[in-house]
Each structure stands twice: as structure tokens, then as C-alpha cells.
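Notes follow the structure.
The values are calculated or read from the model by the stated rules, or taken from the named source; none is laboratory data. What you see is a predicted model; the values in this text were computed from it and never measured. Quick reminder, even Gly has a Cβ in these numbers, built from the backbone with ideal geometry, and neighbours come from all protein chains shown.
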Amino acid sequence: MKIIKVKDQIEGGREGFKVFKDALADGANVFGLATGSTPISVYDELTNSDVDFSEKTSINLDEYKGLSGDHPQSYRYFMNEHLFNKKPFKMSYVPDGMADAATETARYEKIIADNPVYLQLLGLGQNGHIGFNEPGTPFEMGTHEVALTESTIQANARFFASEAEVPHFAYSMGIASIMKAKEILIIAYGAAKADAVAAMIEGPVTESVPASALQQHANVIVIVDEAAASKLN
Ligand code: F6R
């Protein structure tokens, strides 16, 4: 793993942007994308630049089951707001939260097979999750339906009018789907991520820390600020 230490999220966005530019220069056609707070500064750099994705494809990691793309809390909506409306791609795939699980997970695995991801961008959960793959998820899983944990449901409740509206399920690329990317860029900021960063990079490869699977990938770049890197040896 190549580790890039940055001062803050702004500098992280600039470094992440360079990774995207390098991938474009290498002829990348398909980009795997993530939602959450972490990638926003990379998306800001991309939208403020002249890079052209109009002939490129993007494939997002995950989506809440039961939310349509026009729901403000859907990941499709997030991506439109932060990236696609300003920097259009030829084709942008996000799992369809309104489709049934068997159809959607199979469709999504076919999309990934037909459009091999060159660069996959990831954020990191405090418990080491990537995508919606929580600790204990078998590494060999492809795109699948996930039952959200009670703590995730409660944490998400603040974004919804009431807890009853918070989705209990999601569709997510699995670890096996993520590992197919030629290159992976994972970014983490803040002290709350320090344990997960150390476990991902220096701990044993174990399904208890989903991101530790990345130790088995040949081409991973990690961008961390000082606080997130503070527990590395
Ligand atoms: C987002 C995703 C999640 C986040 C992770 C970190 O599509 O799949 O794994 O990357 O929860 O979230 P933030 O960046 O909000 O700390």
C-alpha cells in the first residue's frame, strides 16, 4: 500500500484529484465511486477542473433499498448533487434502491463484469467497513443486500424526518466486487478513523476488519490526515 499523508481534507482532495488525473492519463474508462463526507473534497476538485468524463463510466458502491433516486437521502441524489450534475459521465451506475434484491444484485454484478473498474474510490468506516460491508462480511461476496445494523440505522436517523423512514436495508458491492478494480484509492480523515486505518494497514487480514482485505490487493493508495494516521507504527 502506498500511503500519502496530508494536512487536511482540502489537501486530501488535491491528492485524490491527482490519482484520478493519473488514471485518466493511463486511459481509465471506468471509475468506482463512493458517497459520504470523505470523497467530497475530491469531487470538488474534479468539478472545479477541466477533466472530461463525458466518455467515461462510473459505478457507485451502494444505495439504500427502498429509496428512489430523487429522495434527498439517496446515494444517487448525493452523487448528482456533488458530481454528476456538474461533471457528467457518459453512464453513471448507482444500485436501484427500488428494484428487488435478486434482480438488482445480479444486474449490478453484470454491470461490474461488463465495465471493469480501473480506479475505485473508497471511504473507510470507523469499524473498518468499506461500502456497506460491515465486519463479518465474507470477503468472497459480490453485490448483495445488506441488513443495516441498529447503530447505523440510529446514526442515519438524523437525516430523515423520523426514524421510521430510515431504510433498514441497502444494496452494496461486496469485497470481491471491490477487489476486482485495477487500482483502489481509500481515504480517511480524523481521529475516529485511526483504529480502522491501523487495522486496515498493519493488522491481520480478517473479515472482522473488511478493509484489511485491501492488503491482498496489488495497487492500493491510502490518503490519510495526521489524526487518521496517528495509530500507525
Ligand atoms: C459510502 C460508503 C461508506 C463510507 C464510509 C465512510 O458510499 O460506502 O462505506 O465510505 O461509511 O463514510 P464517511 O466518508 O462519511 O466518513
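Every residue, every condition in (1) among the hydroxyl-bearing types (Ser, Thr, Tyr); (2) closer than 24 Å to VAL205 by Cβ; (3) loosely packed, with under 14 Cβ neighbours inside 10 Å, yes or no:
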residue: ASP114; (1), (2), (3): no, no, yes
residue: LEU124; (1), (2), (3): no, yes, no
residue: ILE130; (1), (2), (3): no, yes, no
residue: THR143; (1), (2), (3): yes, yes, no
residue: ILE153; (1), (2), (3): no, no, no
residue: ALA157; (1), (2), (3): no, no, no
residue: PRO167; (1), (2), (3): no, no, no
residue: SER172; (1), (2), (3): yes, yes, no
message = Need pairs with beta-carbon distance below 6 Å; first residue closer than 14 Å to PRO88 by Cα and within the stretch 22-51, second within 16 Å of the ligand (Cβ to nearest atom) and assigned to a strand (DSSP E or B); sequence gap 6+ or separate chains.
response = PHE31/SER58; PHE31/LEU119; LEU33/SER58; LEU33/ASN60; LEU33/LEU121
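Of all residues being among the small types (Gly, Ala, Ser) and closer than 19 Å to PRO72 by Cβ in the stretch 23-53, which is nearest to the chain's Cα centre (by Cα)? Just the residue, please.
To start, the set of residues in the stretch 23-53 that are among the small types (Gly, Ala, Ser) comprises 23, 25, 27-28, 32, 34, 36-37, 41, 49.
Next cut, closer than 19 Å to PRO72 by Cβ only: 34, 36-37.
Working: ALA34: 3, GLY36: 8, SER37: 11 Å.
Among residues in the stretch 23-53 that are among the small types (Gly, Ala, Ser) and closer than 19 Å to PRO72 by Cβ, the one nearest to the chain's Cα centre (by Cα) is ALA34.
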query = From the list ALA228, ALA198, ALA211, which one is under 18 Å from the mean Cα position of the chain (by Cα) and farther than 20 Å from GLY174 by Cα?
reply = ALA228
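Working only within the stretch 75-89, note down all residues that are over 26 Å from PHE160 (Cα atoms) and either touching a strand residue (DSSP E or B) at 6+ places or on another chain (Cβ under 6 Å) or at pLDDT below 95 (or both).
Listed by number, the list holds a single entry, PHE89.
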query = What tally of residues in the stretch 40-68 results from selecting those that are buried (at least 24 other Cβ atoms within 10 Å of the Cβ) and in a loop (DSSP other than H, G, I, E, B)?
reply = 1
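Within the stretch 201-217, restricting attention to residues that are of a type in the set (A, V, I, L, M, F, W, C) and farther than 9 Å from HIS129 by Cα, which residue is surrounded by the fewest Cβ atoms within 10 Å (Cβ to Cβ)?
Kept after step one, since they are of a type in the set (A, V, I, L, M, F, W, C), are these residues of the stretch 201-217: 201, 205, 209, 211, 213-214.
Those left that are additionally farther than 9 Å from HIS129 by Cα: 201, 205, 213-214.
Working: ILE201: 21, VAL205: 12, ALA213: 21, LEU214: 23.
Only one residue fits best here, namely VAL205.
Against the condition away from the ligand (no atom under 16 Å from the Cβ) and either in contact with a His (Cβ under 7 Å, 6 or more places away or on another chain) or farther than 27 Å from ASN156 by Cα (or both), how does SER68 come out, does it pass? Talk me through it step by step, then tell me what you get.
Numbers: away from the ligand (no atom under 16 Å from the Cβ): yes; either in contact with a His (Cβ under 7 Å, 6 or more places away or on another chain) or farther than 27 Å from ASN156 by Cα (or both): no.
No; evaluated as a whole, the condition is false for this residue.
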query = Here is a list of conditions, (1) over 17 Å from the mean Cα position of the chain (by Cα); (2) of a type in the set (D, E, K, R); (3) surrounded by fewer than 16 Cβ atoms within 10 Å (Cβ to Cβ), and GLU81 meets all of them except one; can you say which number that is?
reply = (1)
query = ALA192 is checked against (1) hydrophobic (A, V, I, L, M, F, W, C); (2) within 11 Å of the ligand (Cβ to nearest atom); (3) surrounded by 15 or more Cβ atoms within 10 Å (Cβ to Cβ) and fails just one. What number does that condition carry?
reply = (3)
